[in-house]
Amino acid sequence: MESRIKKTDGFSLVELMVVASIIAVLVTIAYATYGYTTGRTRRLTCELNRRHFDTSISVYENDYDAKPATIDDVSEYITNFDVAKICPGDNTTELRYDVGLDRVVCDFHE
């Protein structure tokens, strides 16, 4: 007796669902990795900016034989000063020079 169900070419619903769930898992992993990498990059960029400011403060001290009163005093030593003094972590916090610690600090990352 012949079967009345005709076999057609293509994918079954189960196969399509398996492929869709695998793609969803891969997208979730990629998104989580992207979020972690982006946050880490912003933190490292802030740290690099602070190091540039610390170096420029040392140059300022050599030039003027005095410590700067504010972070704005070293603006001539840093390219794109207005961009560099903003923390990339939240884009609103400005780096500041702490005279007591004798270094530049970021309130967002400290």
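The values are calculated or read from the model by the stated rules, or taken from the named source; none is laboratory data. Here the structure is a predicted model, which means the values were calculated and not measured. Here the Cβ positions follow ideal geometry from the backbone for every residue, glycine too, while neighbour counts run over all protein chains shown.
Among the residues of the range 82-102, those identified as without any contact (Cβ under 8 Å) to a residue 40 or more places away in the chain, under 22 Å from T38 (Cα atoms) and outside any helix (DSSP H, G or I) are K85, I86, D90, N91, T92, T93, E94.
When you check Y36 against the structure, is it exposed (fewer than 11 other Cβ atoms within 10 Å of the Cβ), under 21 Å from the mean Cα position of the chain (by Cα), closer than 30 Å to L95 by Cα and aromatic (F, W, Y), yes or no? So Y36 passes the test.
Of all residues in the range 93-110, those being modelled with pLDDT under 85 and of a type in the set (S, T, Y) number 0.
Residues in the range 54-71 that are surrounded by 12 or more Cβ atoms within 10 Å (Cβ to Cβ) and charged (D, E, K, R): D54, E61, K67.
Tell me whether the range 15-31 contains one or more residues that are touching a Pro at 6+ places or on another chain (Cβ under 9 Å) and polar (S, T, N, Q).
From the range 15-31, those touching a Pro at 6+ places or on another chain (Cβ under 9 Å) are none; that's our starting set.
No, the conditions are met nowhere in the range 15-31.
Tallying residues that are within 25 Å of T41 (Cβ to Cβ), touching a strand residue (DSSP E or B) at 6+ places or on another chain (Cβ under 9 Å) and either part of a loop (DSSP other than H, G, I, E, B) or not hydrophobic (A, V, I, L, M, F, W, C) (or both) within the range 60-81 yields 0.
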